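Student: Starting off with a structure, shown below.
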Amino acid sequence: MSITLQQALFYSGALLVVFLTPGPVWLAMLARTVSGGFAAAWPLALGVALGDAFWSILALVGMSWVVGHVTGFLDILRWVAVGMFGVMGCLMIGHAKAGISKNSTLTRPGRWAGFLVGIVAILGNPKAILFYMGVVPGFFTLDALTALDVAAIALLSALVPMIGNLILAACVGQVRRLLSSPRAMARLNRIAGSLMIVVAIVIAFL
């Protein structure tokens, strides 16, 4: 493997920061847990995890080809990562008091439905697309990655959000109270936004 422990930890931290930004998947996890308990929530978490793994592999393989054909593309990717995290962080802070928009299509009953909705939710999530296609390649030296590296990155991409989603489902009672308080929601958005800006600064000076 060519990726270092430091790279893996930093990437995992970035995944955690992105997971902490509320969105439709959060709402779906809460709704499914309230309606059917943990058993109704974990299939959605699994579907989201597989979608995350797919995006990471597509980003690494696709961008590796581009790197081999476009001179200086790695530098471009690094600054795309800086810009993405910086802009997302500023938007989170600027809209800290905004609530989570509802999407009833994510709350369909049934385990299989939950699994499929999880995949659809992550594959059609603009935040996920921008993160994996525009940011992930900036964390690693693409032309040095092996198949084992790609597998390890895909595993991290799936595990970190999945663990977060499962914890979210297990703690749904406390999370529901948190999300019902505009003041607490604003505080969470400001913290997540600030962390994104910190990640952007770190990437800029790597």
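The values are calculated or read from the model by the stated rules, or taken from the named source; none is laboratory data. Keep in mind that what you see is a predicted model, and the values were worked out from it rather than measured. FYI the Cβ positions are ideal-geometry reconstructions off the backbone, even for glycines, and counts take in every protein chain you see. Heavy atoms of the whole protein, side chains included, go into the accessibility calculation; ligands, DNA and RNA do not. Shrake-Rupley method; radii C 1.70, N 1.55, O 1.52, S 1.80 Å.
Student: Residue check: is residue 202 at pLDDT below 80, buried (at least 17 other Cβ atoms within 10 Å of the Cβ), of a type outside the set (Gly, Ala, Ser) and assigned to a helix (DSSP H, G or I)?
Tutor: The answer is no for residue 202.
Student: While we're on this one: Only one of (1) assigned to a helix (DSSP H, G or I); (2) modelled with pLDDT under 75; (3) touching a Leu at 6+ places or on another chain (Cβ under 8 Å) is not met by residue 1, so which one is it?
Tutor: The number of the failed condition is (1).
Student: Search region 106-118 for residues that are over 9 Å from residue 32 (Cα atoms) and buried (at least 21 other Cβ atoms within 10 Å of the Cβ) and pair each with any residue that is at pLDDT below 75 and not charged (D, E, K, R) when their beta-carbon atoms are under 6 Å apart and the residues are at least 6 apart or on different chains.
Tutor: Hits for this filter: 117/106.
Student: May I ask you to say which residue of 68, 72, 83 is over 16 Å from residue 113 (Cα atoms), open to solvent by 20 Å² or more (accessible area, probe 1.4 Å) and modelled with pLDDT of 70 or more?
Tutor: So the residue among 68, 72, 83 that is over 16 Å from residue 113 (Cα atoms), open to solvent by 20 Å² or more (accessible area, probe 1.4 Å) and modelled with pLDDT of 70 or more is 83.
Student: Let me ask something additional. Out of curiosity, is residue 33 at pLDDT 65 or above, touching a helix residue (DSSP H, G or I) at 6+ places or on another chain (Cβ under 6 Å), outside any helix (DSSP H, G or I) and surrounded by 14 or more Cβ atoms within 10 Å (Cβ to Cβ)?
Tutor: no
Student: Of the conditions (1) within 22 Å of residue 135 (Cα to Cα); (2) at pLDDT below 85; (3) open to solvent by less than 60 Å² (accessible area, probe 1.4 Å); (4) assigned to a helix (DSSP H, G or I), residue 41 clears all except one; give me its number.
Tutor: (1)
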